[in-house]
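Each remark here refers to the structure printed beneath this line.
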Amino acid sequence: MNKIKLLFVFVAMALAAPAFAAIDTIAVDVGISVFQTMPIGVVPFEEEGTIKWTNEAPHLILTRDANLSGRFEAVNSDKFDLVLFSKKRARQYVTGTATKLSNGKIKLDCYLYAAETKDVLLGESYTVKPYDVRQAVHSFFDKVVYRLFGERGVASTKLAYVSKIDGVKQVVISDYDGFSRRQITRDSSINMMPVWQKGNKGLVYVNFRKQRPNLYAITFGGKETPLFTQFKQTFSPAVNPKTGELLFSVTEGAKTELYRGDMKTGSAQKFLHLKSNQVSPSWSPFASEVLFTSDRGGSPQVYAVGKDGTDVRRITYMGHYNERASWSPDGDRIVYTSMDDGKMNIYTCALDGTDIIQLTSNAGNNEHPTWSPDGKLIAFASDRGGNYQIYIMRKDGSGVTRITNGSENTSPTWSWFFDEKKVK
Amino acid sequence: MGKVFKLALMGTAVALFAWGCSKEKPETDPQPQTAPEAPADSTLNLDALVADTLDADSLARLEAERLEAERARLEELINRIMLEDVYFDYDRSELTENAKRLLAQVAEILVNENRFIVTVEGHTDARGTEDYNISLGARRSTVVREFLIAYGVDANRLVSVSYGKERPKVQGTDETAYSKNRRAHFRVSIDQ
């Protein structure tokens, strides 16, 4: 009887985690930060019944969320300790209770307290399967962010990226912290350049099964649709955050140009009428403008253009190779990859190309930056540890944290917020 | 790994070539000998019948051998084309003098063998972004395709595609590896 029950639990867990168990390795690089982070106390949950956590206990998930968020700095303590919290200036702390239920589920009661008065500032209750504890805790943490900052946090967001599985580049998704990884593509050619559809309904990516680069849409259930088949070679997709419309590169002969197209109808029109090649489009947060890379000056440089394709202006002038620019969700800066002496590094600059800040240096190649939807963080790929892995850093380059391990992981793209409306 | 593969391919090409040569000689010799003999024997007798069937048999065999030799010859040509990668300078898509010489040889084969369908793959080295490298690979494959068309190869039999930096021939992060990976590669199929 017991065995059957165990088997059932195992099957349930296997169903909940379709492709992979979570992976985790965290190496925190404490850089110099101009970020004002807020100390927050984190106390382990009281546990009723012996609970076997799938990956980490809730307070460790909260600690990671706090330290990755770019807003907080976790002050860990085994129990409530007002002296420690005061000394570290933690005016609030998070903790809770966890109860194991007879049906195998776990009940989490999560609280945000004011340290000095012990007033409850926020209380949330979740009853979930063991595998879903992470998601519940992430969700609670985003409510803490909203309670204290009035802004949405990114603990419930996800990343799509490319992972080499059995020597083949496959598109995978995971939580923003690298846990709960799931393989999305199965094709054995090349799968790359994943971006999130509007509303996180699925991904758009590039596949080489026809021995040329072609765009496909794919749902998280694995259902694929070829896109814009009127063109032979398509790649470099970018999703309009307002309409869901796509901008992408089309190669015909030697020329590569941007087109804008509707995924549903399949119709597409040329976006720009320039003599140069154009790749790597990126929409501004309100989709009023577009960044792209052009070689019209003889080397790849970043340009901006209005959404109607008029008023092209050059943004980057420093260096000979500036590519893959991405507009910050705040709208005030762009992040891009620059290559110097064969090495790739990540920079940000103001919209007129001034105020350049180098975020990475002396640590291998660093490329493919992508903004968190709250604009506080940047995920990117780096081979600083020997092979390519995904890292997260704050937008000023501090707090670099590796979130993947194993064989090569590249090309991260951050999801949109999962709830279009505000939390709470 | 890449070197071993290339050596293996080269070995195959040489072997096929040698085989093709040795097959072609005996094929051309017996035909004029046997062909005139057959109609000379016109009377109906057992010997003639036996000779006739023998002739039919050997003719079929010779035809098979001829086809086999032709197949081997085509394979050898295809292998020769597929071994000939065209190399480029860093971030460039212009043809070097070496590349033009090599392409002239390839074009010569293609002009004479009008059943070959050739896909020209453009590749780049590992430096730079995936996106930009696909556009660079496209420029390289197109330059090669256009050279071959200018030489007289039928444009309908030439397809150009880009793989960007996704399919390096040689692994490594030094100029030796990079220079081998900045290339246009040919894939050949036969139009039946």
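Every number here is computed from the coordinates shown, using simple stated rules; none is lab data. Predicted model, so just to flag it, every value in this text is computed and none were measured. Every residue, glycine among them, receives a Cβ derived from its backbone with ideal geometry; neighbour counts consider all protein chains shown.
Remarks
- Inter-residue pairs, beta-carbon under 8 Å, first of a type in the set (Phe, Trp, Tyr) and in region A:64-93, second in a helix (DSSP H, G or I), 6+ apart: A:72/A:66; A:93/A:85
- Filtering region B:137-176 to residues that are buried (at least 20 other Cβ atoms within 10 Å of the Cβ) and assigned to a helix (DSSP H, G or I) leaves B:137, B:138, B:139, B:140, B:141, B:142, B:143, B:144, B:145, B:147, B:148.
- Qualifying positions in region B:148-183 - within 12 Å of another protein chain (Cβ to nearest Cβ), under 19 Å from the mean Cα position of the chain (by Cα) and in contact (Cβ under 8 Å) with a residue 12 or more places away in the chain: B:158, B:159, B:160, B:161
- Where residue A:221 falls short, out of the listed (1) more than 24 Å from residue A:278 (Cβ to Cβ); (2) within 14 Å of another protein chain (Cβ to nearest Cβ): (2)
- Candidates in region A:360-373 are the residues that are crowded, with 23+ Cβ neighbours inside 10 Å and away from chain B (no Cβ under 14 Å); of these, the one that is nearest to residue A:337 (Cα to Cα) is A:360.
- Candidates are the residues of region A:298-315 that are touching a Lys or Arg at 6+ places or on another chain (Cβ under 8 Å) and within 13 Å of chain B (Cβ to nearest Cβ); the one that is farthest from residue A:241 (Cα to Cα) is A:301.
- Filter pass, residue A:166 being over 15 Å from the mean Cα position of the chain (by Cα), within 14 Å of chain B (Cβ to nearest Cβ) and acidic (Asp, Glu): no
- Scoring residue A:323 on the criteria (1) within 19 Å of the chain's Cα centre (by Cα); (2) closer than 29 Å to residue A:298 by Cα; (3) not aliphatic (A, V, I, L, M) leaves a single failure, condition (1).
- Some residue of region A:157-169 being surrounded by 22 or more Cβ atoms within 10 Å (Cβ to Cβ) and assigned to a loop (DSSP other than H, G, I, E, B): yes
- Of all residues in region A:206-223, those that are under 20 Å from the mean Cα position of the chain (by Cα) and under 11 Å from residue A:191 (Cα atoms) total 1.
- Restricting attention to region B:109-118 and to residues that are more than 14 Å from chain A (Cβ to nearest Cβ) and touching a residue at least 40 places away in the same chain (Cβ under 8 Å), the residue that is surrounded by the most Cβ atoms within 10 Å (Cβ to Cβ) turns out to be B:110.
- Scope region A:260-291; condition under 19 Å from residue A:213 (Cα atoms), without any contact (Cβ under 8 Å) to a residue 40 or more places away in the chain and within 14 Å of chain B (Cβ to nearest Cβ); matching residues: A:277, A:278
- Neighbours by Cβ (under 8 Å, 6+ apart or cross-chain): first from region B:57-74, within 23 Å of residue B:190 (Cβ to Cβ); second among the aromatic types (Phe, Trp, Tyr) and surrounded by 13 or more Cβ atoms within 10 Å (Cβ to Cβ): B:72/B:19
Yes/no per residue for (1) of a type outside the set (S, T, N, Q); (2) within 14 Å of chain A (Cβ to nearest Cβ); (3) over 30 Å from residue A:295 (Cα atoms):
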residue: B:55; (1), (2), (3): yes, no, yes
residue: B:98; (1), (2), (3): no, no, no
residue: B:102; (1), (2), (3): yes, no, no
residue: B:120; (1), (2), (3): yes, yes, no
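- Qualifying position, being closer than 30 Å to residue A:365 by Cα, buried (at least 22 other Cβ atoms within 10 Å of the Cβ) and polar (S, T, N, Q), among A:284, A:326: A:326
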